[in-house]
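Reading through the structure tokens given below for one structure.
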Amino acid sequence: VRRNHPERNVCEGRFLFAIGTIYGNLGRLEDSLEFFKRAKRIYRKITGPQSCFMASVLTNIGATLNAQGKVEEAFENFEEGLAIHRRVEGKDHPNVADVLLRMAMCKEDAGDVEGAIVLLREAQSIDRKRGAVGHAAEEVDYRLKRL
């Protein structure tokens, strides 16, 4: 069935991604990471390593690793996800601003306030170009004022 219907694998990847998100929200970070990694394997095989699916799962793996205190490994995943989002969706896409925010949070957690500010300013610039409002844009502004 999977050979004849590869879209089912994408659906399976989305399902695994959703489970990883739920586990992350419950604080079950190891389980969350496991499901995100399973989704990543599916996305890499079915959609390729340069897809929005891959970028999103890499970003969520990064967030989970950051929550576990694995800042360097988290940042590597964020950087890879950011690069894919920029290539596939463009440098001013909302997903780019979201990853920059998450990267800034990672930098701040690592004690690199200056690095966090640079990333937040870039995210803020994207938000302003788009006229973005809402939680993510407010979070960027809040963090910049606080730092």
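Using label points projected 7 Å from each Cα along Cα→Cβ, tell me how many nm separate Val88 and Asn25, to one decimal.
Inter-label distance under the simple model: 2.3 nm.
GNM, the chain, Cα, under 10 Å: largest mean-square fluctuation among Ile61, Ile42, Ile22?
Ile22
Please determine, in degrees from 0 to 90 and to the nearest 10, the orientation of helix 52-67 with respect to the longest principal axis defined by the Cα atoms of the chain, where the helix direction is its Cα long axis.
60
Roll a 1.4 Å probe over the protein chains and send me the accessible area per residue for the chain in Å².
Accessible area per residue, the chain: 56 Å².
Checking the a/c ratio against 1.5 first, then a/b against b/c, what shape does the Cα gyration tensor give for the chain?
Judged from the Cα gyration tensor, the chain comes out prolate (a/c at least 1.5, a/b above b/c).
In the chain, how many lysine pairs have Cα atoms under 17 Å apart, counting only pairs 8 or more places apart or on different chains?
For the chain, the number of qualifying lysine pairs is 5.
Evaluate the charge dipole of the chain about its Cα centre and quote only its size in Debye, nearest 20, assuming +1 on the Cβ of each Lys and Arg and -1 on the Cβ of each Asp and Glu.
680
What does the extension gain come out to for Cys52 and Ala110, with contour length at 0.36 nm per residue minus their alpha carbon separation?
Full extension from Cys52 to Ala110 adds 18.2 nm.
Of the candidates Val133, Val88, Val57, which one comes out as most mobile in a Gaussian network treatment of the chain with C-alpha springs shorter than 10 Å?
Among Val133, Val88, Val57, the largest mean-square fluctuation in the Gaussian network model of the chain belongs to Val133.
Under 10 Å, Cα contacts only: if you run a Gaussian network model on the chain, which one of Gln68, Gln124, Gln50 comes out with the highest mean-square fluctuation?
Gln68
The values are calculated or read from the model by the stated rules, or taken from the named source; none is laboratory data. Just so it is clear, the model here is predicted, and its values are computed rather than measured. For neighbour counting, all protein chains shown are included, and Cβ atoms are generated from backbone atoms with ideal geometry for every residue, glycine included. Heavy atoms of the whole protein, side chains included, go into the accessibility calculation; ligands, DNA and RNA do not. Shrake-Rupley method; radii C 1.70, N 1.55, O 1.52, S 1.80 Å.
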